[in-house]
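The values are calculated or read from the model by the stated rules, or taken from the named source; none is laboratory data. These figures come from a predicted structure and were not determined experimentally. Glycine gets a Cβ as well: all are built from the backbone with ideal geometry, and neighbour counts include every protein chain shown.
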Amino acid sequence: MQPYDIEPLITNLPLGKTTNYIDHYDNTLLKAVPRQLNRQPLGLSSDNLPFTGSDLWNAYELSWLNNKGLPQVAMGEIIVNAESINLIESKSFKLYLNSFNQTRFDNWQHVTQCLQNDLTQCAKGNVSVQLYPLHNIEGQKIVSFEGTCIDNLDIEINDYHYRPTLLSTVNSTTIVEEKLVSHLLKSNCLITHQPDWGSIQIHYRGNPIDRVALLRYLVSFRHHNEFHEQCVERIYSDIQHYCQPEWLTVYARYTRRGGLDINPLRTNCPYYTHIKQRLARQ
């Protein structure tokens, strides 16, 4: 059972439905999902969020025509502020980007401005857009999440249903600052239930988090149905509640679908590094 009613949401989204692909510009294809849908069950209020952050999107299938009809291709980087009213539904984003395919634009700046205006209107918050020619990103380095990977812990797991109560800290008076990493995060789309695969970095300062408990908790998302952004906010909220770190950053980078990857970050850290380079599976 979902923590909120998704029926009104389903009727307005293209997810799970037969779709006509439109190749001429149409910004009405973009669909918004109110962030408050999953924040309210988590006890989060939009006017008093315990974190800042953003959703970093990479668009690898972006093309349009120049004013002479010659196709142009680019890689797009879109950053949506986590304080925006809405998140952007990913299939609608893909359909919207496809609508650029046979549309003429005067220059790259015109495309960038069009994307920024439409996405800002959909998200109802701050959005930044950058387009990169392919020669700017060719040979881009594949990076790793900095930190200690907990995936090789020798544990047995038989339960794959979401259980936040698994989380705990080690019985210690020692305060640590560390980064813990896992590549075993899997959840499912809220509507289609198709699998979403991700890597996650948890950077915190506080009493040591029990690593076995954390790994069991992350694996418990294996049958959980929520959008990427919602899963990251749930993980952030659960760690804050059960482990009570002094500060915390949760950053997940998901594999792409339909030429898009989504990488949500939530933090109350006085400093954090928002890496933008691709991980191995991206």
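Assorted remarks:
- Meets criteria (in contact (Cβ under 8 Å) with a residue 60 or more places away in the chain and surrounded by fewer than 15 Cβ atoms within 10 Å (Cβ to Cβ)) for TYR21: yes
- For region 207-230, the condition holds for at least one residue, the condition being that it is more than 17 Å from ILE88 (Cα to Cα), among the acidic types (Asp, Glu) and in contact with a strand residue (DSSP E or B) (Cβ under 9 Å, 6 or more places away or on another chain).
- The requirement of being aromatic (Phe, Trp, Tyr) and either part of a loop (DSSP other than H, G, I, E, B) or surrounded by fewer than 15 Cβ atoms within 10 Å (Cβ to Cβ) (or both) is fulfilled somewhere in region 141-148, by at least one residue.
- Extreme residue, modelled with the lowest pLDDT, among residues of region 268-282 that are within 16 Å of VAL181 (Cβ to Cβ) and not hydrophobic (A, V, I, L, M, F, W, C): THR273
- If only residues of region 217-230 that are assigned to a helix (DSSP H, G or I) and out of contact with any Asp or Glu (no Cβ under 8 Å at 6 or more places or on another chain) are counted, the one that is nearest to ASP261 (Cα to Cα) is GLN230.
- For region 197-212, the set of residues classified as part of a strand (DSSP E or B) and crowded, with 18+ Cβ neighbours inside 10 Å consists of GLY198, SER199, ILE200, GLN201, ILE202, HIS203, TYR204, GLY206, ILE209, listed by residue number.
- Residue match in region 131-152 (condition: over 18 Å from LYS276 (Cβ atoms) and over 24 Å from the mean Cα position of the chain (by Cα)): yes
- Screening region 52-138 for helices (runs of 4 or more DSSP H) wholly inside it with 3 or more residues that are modelled with pLDDT of 95 or more and over 25 Å from ASP196 (Cα atoms) returns the ranges 108-123.
- Residue satisfying all of: in region 149-161; in contact with a His (Cβ under 9 Å, 6 or more places away or on another chain) and part of a loop (DSSP other than H, G, I, E, B); nearest to ARG253 (Cα to Cα) among these: ASP151
- Scan of region 85-128 for residues that are touching a strand residue (DSSP E or B) at 6+ places or on another chain (Cβ under 8 Å) and acidic (Asp, Glu), ordered by number: GLU89
- Of all residues in region 66-99, those satisfying the criterion of being closer than 16 Å to PRO133 by Cβ and either more than 14 Å from the chain's Cα centre (by Cα) or free of Cβ contacts under 8 Å to residues at least 12 places away in the same chain (or both) are ASN66, LEU70, PRO71, GLN72, VAL73, ALA74, MET75, GLY76.
- Matching residues, region 116-151, being of a type outside the set (A, V, I, L, M, F, W, C) and in contact with a Gly (Cβ under 9 Å, 6 or more places away or on another chain): GLN130, TYR132
- Residues (buried (at least 18 other Cβ atoms within 10 Å of the Cβ) and either charged (D, E, K, R) or outside any loop (DSSP other than H, G, I, E, B) (or both)) located in region 24-51: LEU29, LYS31, ALA32, VAL33, ARG35, LEU37, ASN38, ARG39
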